[in-house]
Ligand code: ADP
């Protein structure tokens, strides 16, 4: 090293000058401070006694002396490990040529490296701590991720503007969308139900930690199935002050809802059955009591006074018995038809039928038994003469509707019955000017044993319209009722003509 440079450096560093045998030639004032054995630092002493870190590097020192290596640095040598007074040194060894004698020596600069080393150690320690923290963060993130992944509930996190940021596996399974199909999309694309959107609109007003529970929604999946979910919704603060995200945890309650609906259906059915039973009891007791007591009283009269009565009077009484028996037989027949229909045994057997003459004959038959001087005005439109329909079912429909129209009409009135057909269907309309059906009961009149409140003393079982409806349905038809209290009632039956509708 240049002598002048040494002159510049020397006042700021402690140093030792060594000869080729590593004996101390000269030293700065406080060079001992850095020695391992300060007492051994004096001219003439082997430097390796006081500075043992130079043991083993003799070859390198020789190379410096011979100019083959410029210098050697030994850094961070610990002199004192006392935590109160630590001491670390750096050694910079270079060649030194005395200007006067031109002899080659070595100069060892000694520098206090304690501050740097302590800082380095603190930094290393802090780096370790940060690494530990990072790895424990990574571990807990993995742990939370595992919990989220293994959650059976769907988890969705959205931005405050409703854009989906995170979804777990269950959300993908429940909605049948992949993660890529959900991330970045608005939540209201996935759940379009307005009631749900309205309920979650209060989320921005929730306090941190507050939860909006049991927000139920029914929505379709990607594959079109309908699912029911119950959501717990909350807000979380993001890393940006004042900006929240929304967390939705949804439980799939489709099965529960289905079970509930089935239970409700079963309860409804049970209720219906109970009502049906009580209607059946009241119908049978009312409808059988009168004809039975008529038969009973009439036979008693015949027994006691028959011998003295004229043939005419006796005939009248026999007719009374006959009509009572007929009424009971009709009732039993209706019950039988319904039983068959319920058991699926009321078949549909279409066959060619001359519709017009069938209707005319039926009108005549019914008109014959009409007691109250009522008329049935029959009108036939259309060009179909023979149609393919089930005669028995048609009989069930028309005889019940026509007898009802007469039964619920006042004496001396006319019932209009029209039959028309077009390319595809037969339309039957029966209109009376009778008592009418209360609007609030019109949806119930097709139920078995149901009778409207306004029937008064008019006899009936509440079975006729049930039979009509079943007979219409069996043929794939429709029935509609239009009625006004005190004005009259119109039943319209539409029957499809699928088969060879028309024969000239
Ligand atoms: P019912 O044997 O009582 O006539 P239905 O099943 O034929 O039984 O009819 C059910 C109920 O519908 C009747 O009890 C009556 O209240 C009402 N109803 C049916 N047809 C008419 C009609 N043409 N006018 C008024 N009410 C009717």
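The values are calculated or read from the model by the stated rules, or taken from the named source; none is laboratory data. Everything quoted here is computed from the prediction, not taken from an experiment. Every residue, glycine among them, receives a Cβ derived from its backbone with ideal geometry; neighbour counts consider all protein chains shown.
When residues in the range 444-453 are screened for being over 19 Å from residue 487 (Cβ atoms) and in contact with a strand residue (DSSP E or B) (Cβ under 9 Å, 6 or more places away or on another chain), 1 of them pass.
Only one entry in 148, 164 is surrounded by 14 or more Cβ atoms within 10 Å (Cβ to Cβ), at pLDDT 95 or above, under 24 Å from residue 245 (Cβ atoms) and over 16 Å from the mean Cα position of the chain (by Cα), namely 164.
Mind counting the residues in the range 81-95 that are more than 14 Å from residue 110 (Cβ to Cβ) and surrounded by fewer than 17 Cβ atoms within 10 Å (Cβ to Cβ)?
Pass one, the range 81-95, residues more than 14 Å from residue 110 (Cβ to Cβ): 81-86, 95.
From what's left, surrounded by fewer than 17 Cβ atoms within 10 Å (Cβ to Cβ): 81-86.
Number satisfying all stated conditions: 6.
For the range 427-445, which positions are within 10 Å of the ligand (Cβ to nearest atom) and without any contact (Cβ under 8 Å) to a residue 24 or more places away in the chain? Once the filter is applied, which keeps residues that are within 10 Å of the ligand (Cβ to nearest atom) and without any contact (Cβ under 8 Å) to a residue 24 or more places away in the chain, the range 427-445 yields 441, 444.
The number of residues in the range 398-421 being near the ligand (Cβ under 8 Å from one of its atoms) and more than 21 Å from residue 373 (Cβ to Cβ) comes to 1. Suppose we keep only residues that are surrounded by 15 or more Cβ atoms within 10 Å (Cβ to Cβ) and in contact with a helix residue (DSSP H, G or I) (Cβ under 7 Å, 6 or more places away or on another chain) within the range 98-107. Which one would you say is modelled with the lowest pLDDT? Filtering the range 98-107 for residues that are surrounded by 15 or more Cβ atoms within 10 Å (Cβ to Cβ) and in contact with a helix residue (DSSP H, G or I) (Cβ under 7 Å, 6 or more places away or on another chain), the one modelled with the lowest pLDDT comes out as 104. Residue 424 meets all of the listed conditions (1) surrounded by fewer than 16 Cβ atoms within 10 Å (Cβ to Cβ); (2) closer than 24 Å to residue 343 by Cα; (3) away from the ligand (no atom under 11 Å from the Cβ) but one, namely (2). Here residue 378 passes the criteria (1) modelled with pLDDT of 95 or more; (2) within 16 Å of the ligand (Cβ to nearest atom) except the one numbered (2). Would you point out the residue of the range 34-68, among those that are over 22 Å from residue 113 (Cβ atoms) and part of a loop (DSSP other than H, G, I, E, B), that is nearest to the chain's Cα centre (by Cα)? Per the stated criteria, the residue is 68. Criterion first (over 38 Å from the mean Cα position of the chain (by Cα), surrounded by 11 or more Cβ atoms within 10 Å (Cβ to Cβ) and at negative phi) does residue 181 satisfy it? The answer is no for residue 181. Among residues that are out of contact with any helix residue (DSSP H, G or I) (no Cβ under 6 Å at 6 or more places or on another chain), in a helix (DSSP H, G or I) and over 28 Å from residue 52 (Cα atoms), residue 136 is included. Within the range 448-491, the residues that satisfy the criterion of being surrounded by fewer than 18 Cβ atoms within 10 Å (Cβ to Cβ), near the ligand (Cβ under 9 Å from one of its atoms) and either part of a helix (DSSP H, G or I) or without any contact (Cβ under 8 Å) to a residue 24 or more places away in the chain (or both) are 453, 454, 455.
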